[in-house]
Structures are given as structure tokens and as C-alpha cells.
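Novice: Below is the structure I would like to discuss, written out as C-alpha cells.
The values are calculated or read from the model by the stated rules, or taken from the named source; none is laboratory data. Just so it is clear, the model here is predicted, and its values are computed rather than measured. We place every Cβ from the backbone using ideal geometry, glycine too, and count neighbours over all the protein chains shown. When the accessible area is computed, the model is the full protein with side chains, heavy atoms only, and any ligands, DNA or RNA have been set aside. Shrake-Rupley method; radii C 1.70, N 1.55, O 1.52, S 1.80 Å.
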Amino acid sequence: MRKFLPNLLAIMLFACVSQAQDFQFGKFTLDELQQKTYKNDTSAHAYVIDEFGSTKIDVSASDHISMTYKYHVKIKILDSKAFNKGTVEIPLYDNDNTTDEIDDIKAVTNYIDDNGGAQTAELSPSKIYRVTENKYWKQVKFALPNLRNGCIIEYSYTKTIPGFYRFPSWEFQSDIPKIHSQYEVHIPAYWNYSASIRGILKLTTNTAEVERECFSSHGAKCDCSYLRYGINDIPAFIEEDYMTASKNFISAVYFDLQEWINPYTNVKQRETKEWKDIDYNLKHSDYFGSQIKKNLLTPYIAPVIAGKTTEMEKAEAVYSYIKKNIKWNEIYAKYSDNVRKALDTHTGDVADINLALVAALNSAGIKTEAVLLSTRSNGLVNRLYPVEREFNYVIAKANIGNDYYLLDATDPLLPFGMLPLKCINDQGRVMSFDKPSYWIDLVNRQKKVSTNSLSVTLEPNGKLKGTMVVYSMGYEGYQKRKAIKKFNTVDEYVENLDEKLGKVKILKYSFDNLDSLEKPLGETYEVEIDAYDNLNHDRLSFNPILFDRIVNNPFKLQERNYPVDWGMPSIERYTITMRLPDNYTVESAPESASIGLPNNGGKFLTQFSNTDNVFTYSNIIQFDKSVYEPEEYPYVKELFNKIIASEKAKIVFKKKS
């Protein structure tokens with residue numbers, strides 16, 4: 001019988017095991033029901049009164065090793081803005097022979113009725129639904145009944161997870177505050193996991209005890225580690241714009257399997273591999289290495305590169321071919337069963353498309369490697385040791401001359417060498433089969449650049465009439481093309497734009513380079529703008545920012561403990577030149593501004609000039625970094641405050657005497 005314990009954390013206390021700390025289901029106090037606010041956060045619309053979870057590795061009813069995960073939560077709903085907490089979605093993995101199961105679902109709503117009495121409404125089993133999300137995932141969904149301001153909702157369930165590889169993590173923080181959150185795990189000594197704590201909050205409970213002979217199967221017995229993690233008075237994690245996955249920053253505990261011993265054979269299996277092990281396995285696997293062999297797609301590619309003389313010409317032709325011939329089915333993946341099938345059927349997931357791209361470029365004689373990555377929404381990869389499952393996406397790295405290009409062929413509107421924002425997430429792992437794999441920065445070389453120029457004349461009828469020219473370059477061009485292509489025709493896009501612009505009427509338009517993805521996208525509009533009802537006034541005020549004025553600061557936190565991540569540097573330029581009637585002149589105008597971020601991190605500039613009855617106003621909003629660290633947040637926030645204040649300022653015209 002084995003009685004060793006996995007070394008999970010540096011600080012552990014060993015004692016006789018105590019009973020699990022789950023709280024009683026259905027119990028509440030009148031004081032809890034009558035609470036109108038949460039004392040630690042009066043802005044909260046809801047808060048967690050108590051939350052408990054546990055995971056135990058054991059033998060299932062079918063005599064297989066599995067994990068039993070139990071979850072129980074009680075939430076105070078203060079007002080209707082938190083009614084969404086009453087809609088519960090529980091993900092279940094469902095693929096081939098691995099299927100999660102869920103049972104013991106209980107849910108109640110406790111509330112005070114119109115007569116002042118405490119009532120309880122139970123969830124009917126008939127209101128629990130199973131929904132298929134895709135070929136890998138299903139969801140169990142239900143909605144708590146009788147929600148109303150001040151109610152308390154409570155629910156619990158048990159999930160059975162086959163095997164022992166997908167050990168559930170625990171997130172202490174969410175978008176609402178919590179009074180208490182606790183997670184307990186029971187791990188037999190046959191399995192050794194590493195536990196990692198993320199986030200800035202300190203654990204208030206962190207203990208380890210011994211459960212004697214807690215695991216038994218077919219004569220195999222062992223002790224267990226009984227671990228408890230808890231935090232009290234947990235603030236809400238507030239998400240703001242321009243961030244990667246929240247799970248990179250919220251306080252949580254994660255488990256990764258290091259090694260395990262087969263309880264029946266005593267054979268040890270090491271799961272924490274070195275990159276050389278993963279390199280070898282992927283190179284020789286049917287789902288990866290076999291899909292990117294050099295000559296795999298030669299019959300497909302030979303006619304595509306016929307007549308092309310340079311590597312760049314060949315690469316661009318192959319990239320265009322893959323984009324046009326395989327439509328993405330909206331599924332993320334890093335392995336492919338058959339890239340040739342994807343080409344033949346003209347549909348596939350991310351791995352089908354981009355591994356086909358790697359194979360096709362190699363078949364064209366261009367040295368190309370696959371790059372595994374984790375998308376922004378999937379979170380950061382732990383680079384201390386390799387864990388394949390943390391990756392959820394794969395792209396291509398084409399090496400041409402002394403340079404390289406990161407390529408994703410899932411979107412036909414992506415120019416050669418540009419990655420979508422979802423892929424700009426720290427680093428990816430280049431799987432090179434003639435040398436050890438290595439990390440590479442995931443960056444877009446192109447900035448997000450836009451220029452908007454207006455030249456208008458103030459007509460006697462109070463309307464502005466003239467021309468607007470917009471150029472979108474780099475990532476801005478990609479985003480603008482995506483916005484246009486959502487419509488069936490350019491005419492429909494312009495009609496929609498015309499409706500959104502309100503007082504602006506588009507009289508005529510033309511586009512340049514709409515389908516030339518590597519070139520700046522140009523839009524030219526002849527416009528008429530309802531500026532004034534008439535000119536029978538001695539003075540007129542005019543805000544020169546006619547479009548996309550910044551009126552709300554996206555950064556509202558007093559302190560932000562995670563970076564501002566734009567994904568790429570950006571430049572926005574705006575210019576308006578306006579000719580006034582001969583009997584008007586400029587009386588006053590905003591002062592020019594020049595505001596910079598520390599360490600040349602960006603700037604906001606405005607300039608005004610006028611000659612006789614013609615004036616020009618321009619501004620530039622420029623961010624020279626992709627990522628701004630938390631200590632830079634106050635400066636970025638204040639810059640936006642200055643931009644908002646500046647864009648409120650008006651120019652005053654007056655009639656000449």
C-alpha cells in the first residue's frame with residue numbers, strides 16, 4: 001500500500017483529516033434576504049454569500065478512474081442588473097469515448113413575496129436543458145425561477161470527469177464580490193499534481209492534511225492529500241477594454257499533472273515532458289508531423305506556383321490559394337486528421353487550414369514551420385514547462401530570405417504577414433523539425449493607422465458641403481474591409497453608414513483597393529452635413545470633430561492590476577479644412593495641445609490655423625506601444641481625459657462688422 005504524498009506546495013500542514021467544509025443547502029437568514037447593499041462594495045448589483053467546490057479522484061460506478069467535481073454557490077441578487085446570474089451554463093466535454101456527466105442538480109430561489117413573507121421556488125427538472133455547442137462541447141443550461149430584487153439564488157451540482165488529466169481549476173474571483181470562496185481537493189498518492197496560485201489576492205485558507213487509505217481499487221490502496229484553499233472578502237474582478245483573457249489575472253488555483261503511477265501495475269508515467277519529447281511526438285504523429293510533410297501537397301501546389309520565380313511570389317500565391325480553397329468552420333484546433341481532405345472538401349478547422357498552409361508552402365520549396373499558440377481569450381501559456389493542452393491554435397511561419405512571416409489562412413481578408421488580434425498573445429512555440437522547438441514573439445509588424453480628411457464649405461443655407469477622404473492602413477484596413485464585407489454589396493454598406501451618420505448625407509462615393517489587401521483602403525465621399533438651420537446669427541459655434549468623437553473614457557478604474565493591451569501600435573489622424581462665407585470670420589478657437597505619455601509611449605496633438613475665412617483643425621492620437629503595464633495605466637487614463645476635454649472644445653465664428 002502506498003502512503004507517499006505528492007509535493008504540491010512549499011507550505012503544507014499535515015494533520016488528521018477533517019470533514020469537508022461545504023455549507024448547508026437551502027439555509028438562509030432573514031437578514032440575508034433583507035440586505036439592500038453589500039457593505040464592502042456598495043456599487044455591486046450582486047454578491048456571493050458563500051461558494052464551495054471540491055474535486056476527488058476515485059473509481060466511478062463503471063469501475064474506471066474518474067474525478068468527481070462538486071460545486072455549490074449561494075448568491076444575493078440586489079437588483080435586476082444581476083438577474084443574469086440566475087442563468088447557469090455548465091460546460092461538458094463530449095468527444096469520442098470521453099464524456100463528462102452531470103447529476104444532482106439542485107437550484108432554488110429564496111425571496112420575500114408581496115405580502116412580506118419568505119418564499120422558496122425550486123427549479124423543475126423539466127427546465128434543465130442540454131445543448132450541443134460543437135463536436136467537442138455540450139452545455140447543461142437552466143434558469144433559476146422567480147427572480148426579483150433582493151432574492152437569494154442557490155444551486156449545486158456534481159460533475160463526473162473521466163480520467164484524471166483535466167483536473168478542475170478554481171477561480172476565486174468573478175465579476176461580483178464574494179464573502180467567502182473555498183476549494184478542496186482529494187488526490188490519491190498515485191497521482192502527483194503541481195498546484196499554482198495566480199492573482200494578487202492572498203489565501204486565507206491554505207492547508208494540507210492526510211486522508212488515510214482514501215483510495216482503494218482491486219486491492220490497490222493509498223493515502224490521499226486533502227488540500228484546502230480559501231479566500232474571504234474577495235473583491236470583484238472588473239474587466240476593462242483592451243485586455244487579454246481575464247483568467248491571466250484573476251486569483252485562482254490551477255493543477256497540472258506531473259506524474260502518476262498505475263495503481264494496478266505500479267508503472268510510473270511522467271507527464272511533465274521536456275520540449276524535446278513533445279518535438280519528437282509531434283514530428284512522428286499522424287495528426288501533426290504527417291500532415292506537414294514536404295511533398296504532401298505537391299500535386300495541388302505545382303500549378304499554383306507555375307511561372308512564379310521568387311520565393312515571395314510563390315508564398316503569396318500559395319497563401320492566397322489556401323485562403324480561397326478551404327473555408328474555416330469556426331472551430332479552433334491545433335491538430336488535423338487530414339489536410340488533403342480539407343482541400344478536397346473545401347472546409348476545415350484552424351489546424352486543417354494552417355497545417356495545410358505549412359504543407360503547401362513546404363511543397364512549394366519554402367521552408368515553413370508550424371507555430372502553436374494560445375489565443376487571447378484562451379489565456380497565457382505557462383512557459384516554465386511544456387503543457388500541450390494549453391495551446392488551442394496553430395499558424396504558419398514562412399522563412400523567406402533572411403526574414404520570416406507569420407501567417408493565418410483562416411480569414412480570406414487577412415493580408416500576407418498579418419495575424420488577427422486573437423493570435424497576438426505573448427509568444428508561440430515554433431515546431432521546427434530540423435532543430436529544437438523555440439519561442440517566438442507573436443506580433444503584428446503593421447500598425448493600426450487611419451487618416452480622415454474633410455474639406456467642406458459652409459453654404460448660405462447652413463449646410464456643410466464637401467468631400468471626406470478616409471485611408472485605412474495596416475490592421476485598420478483589415479478591420480474596415482471586414483466591416484464592409486459583412487454586407488452583400490458596397491452599396492448596402494454605404495446605405496448603412498449613411499443611416500448611422502445622422503445629419504450627414506452621403507451624395508456620392510468611391511472606394512480604392514478594396515480587394516487589394518496589402519494596399520491602403522481608400523474611401524472618398526461627397527457629403528452634405530446639416531450643421532445649422534440658417535446663418536441668421538451673429539455668432540455660430542462649431543465642434544470640428546464631426547465623427548467618432550471620444551466622449552467616454554474606456555479606463556475608469558482607480559487602479560488597474562493588469563496591462564492595457566492594444567495588440568499593436570496605432571495612429572489616428574483627423575483633419576478638417578472649412579471655408580466660411582465671406583461675411584464670417586473666426587472669433588475664437590481651441591488652443592493647440594501637445595500631450596505625451598512617459599518614455600515616448602504615445603501622444604495627443606492638436607493644431608489650429610486660419611487665414612481670412614478658411615481654417616484648418618487637425619489632431620493626432622498616437623500610441624507607440626502595444627502593451628502598457630499597470631504602472632503606466634494612470635498616464636493612459638489621464639491622456640484619454642485630456643482627449644475628451646479637448647474634443648469638447650468649439651470654434652466660434654462671428655459675422656464681420
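Novice: Between the helical axis of 311-325 and the dominant principal axis of the chain, each derived from Cα atoms, what acute angle in degrees is found, rounded to the nearest 10?
Specialist: 70
Novice: Longer than 29 Å from Cα to Cα, which of Lys127/Lys482; Lys397/Lys480; Lys27/Lys141; Lys463/Lys625; Lys36/Lys642; Lys308/Lys448 are they? Say none if no pair is.
Specialist: Where the Cα-Cα span goes over 29 Å, the pairs concerned are Lys127/Lys482; Lys463/Lys625; Lys36/Lys642; Lys308/Lys448.
Novice: Could you tell me how many degrees, from 0 to 90 and to the nearest 10, lie between the Cα long axis of helix 633-648 and the main elongation axis, the longest principal axis, of the Cα atoms of the chain?
Specialist: In the chain, helix 633-648 runs at an angle near 30 degrees to the longest axis.
Novice: Mind giving me the FRET efficiency for Ser541 and Glu495? R0 is 25 Å, r the Cβ-Cβ distance, nearest 0.05 is fine.
Specialist: With R0 = 25 Å, the Cβ-Cβ based efficiency is 0.20.
Novice: Here's another thing I want to ask about it. What percent do you get for the relative contact order of the range 281-360 when only Cα pairs under 8 Å and 6+ apart count? Spell out each step's value before the answer.
Specialist: On the way: 101 pairs, mean separation 30.7, N = 80.
It rounds to 38 percent for the range 281-360.
Novice: Helix 350-363 versus the longest principal axis of the chain: what angle, 0 to 90°, nearest 10, using Cα atoms?
Specialist: With both axes taken from Cα atoms, the answer is about 70 degrees.
Novice: Restrict the search to the range 313-378; then list the GluC sites (Glu not before Pro) that DSSP places in a loop and that have at most 15 other Cβ atoms within 10 Å of their Cβ.
Specialist: Values: sites: Glu313, Glu316, Glu330, Glu369; in loops: Glu330.
Of the GluC sites (Glu not before Pro), the ones in loops of the range 313-378 whose Cβ has at most 15 other Cβ atoms within 10 Å are Glu330.
Novice: Given a cut-off of under 8 Å on Cα pairs at least six residues apart, what relative contact order in percent is computed for the chain?
Specialist: Result for the chain is 9 percent.
Novice: Which net charge results for the neighbourhood of Arg579, defined as the other residues with beta-carbon distances under 12 angstrom from its beta-carbon, given Lys and Arg at +1 and Asp and Glu at -1?
Specialist: Here the count lands on -2.
Novice: Roughly speaking, what is the centre-to-centre gap between the range 158-185 and the range 457-531 when only Cα atoms are used, to the nearest Å?
Specialist: 49
Novice: Mind putting a number on the dipole of the chain about its Cα centre? Charges go on the C-beta only, +1 for Lys and Arg and -1 for Asp and Glu, and I need it in Debye to the nearest 20.
Specialist: Details: 80 positive and 86 negative charges, 145 e Å.
Using only the charged Cβ atoms, the result is roughly 700 debye.
Novice: At a temperature of 20 °C and a viscosity of 1.002 mPa s, determine how fast the range 69-218 diffuses translationally according to Stokes-Einstein, using the Kirkwood radius over alpha-carbon pairs as Rh; express D in µm²/s, rounded to the nearest whole number.
Specialist: 117
Novice: Given a Förster distance of 22 Å, report the FRET efficiency between Tyr287 and Lys327 from their Cβ-Cβ distance, rounded to the nearest 0.05. Don't skip to the end; give the middle numbers.
Specialist: Values: r = 21 Å, r/R0 = 0.95.
Efficiency, rounded to the nearest 0.05: 0.55.
Novice: With every protein chain left in place, what is the accessible area per residue of the chain in square angstrom, probe 1.4 Å?
Specialist: That works out to 49 Å² per residue.
Novice: Also, I was wondering about something else. Using a probe of 1.4 angstrom, how much of the accessible area of the chain is carbon and sulfur, in percent?
Specialist: 47
Novice: Give the separation of the Cα centroids, the range 572-586 to the range 361-411, in Å.
Specialist: Cα centroid of the range 572-586 versus Cα centroid of the range 361-411: 49 Å apart.
Novice: For Thr611 and Leu557, what is the calculated FRET efficiency with R₀ set at 51 Å and r taken between the beta-carbons, to the nearest 0.05?
Specialist: About 0.70, to the nearest 0.05.
Novice: Over the range 506-644, calculate the relative contact order: mean separation of alpha carbon pairs under 8 Å at least 6 apart, over the residue count, as a percent. Don't skip to the end; give the middle numbers.
Specialist: Numbers: 185 pairs, mean separation 34.6, N = 139.
Computed value for the range 506-644: 25 percent relative contact order.
Novice: What number comes out for the charge environment of Thr160, summing +1 per Lys or Arg and -1 per Asp or Glu over other residues with Cβ under 11 Å away?
Specialist: -2
Novice: Just to be sure I understand: of the beta bridges DSSP finds with both ends in the chain, what percent are antiparallel, rounded to 5?
Specialist: Given both bridge residues lie in the chain, the antiparallel proportion sits at roughly 90 percent.
Novice: Kindly provide the helix-only [θ] at 222 nm of the chain, computed as the sum of -39,500 (n - 2.57) over DSSP H runs of four or more divided by all residues, to the nearest 500 deg cm²/dmol?
Specialist: -4500 deg cm²/dmol
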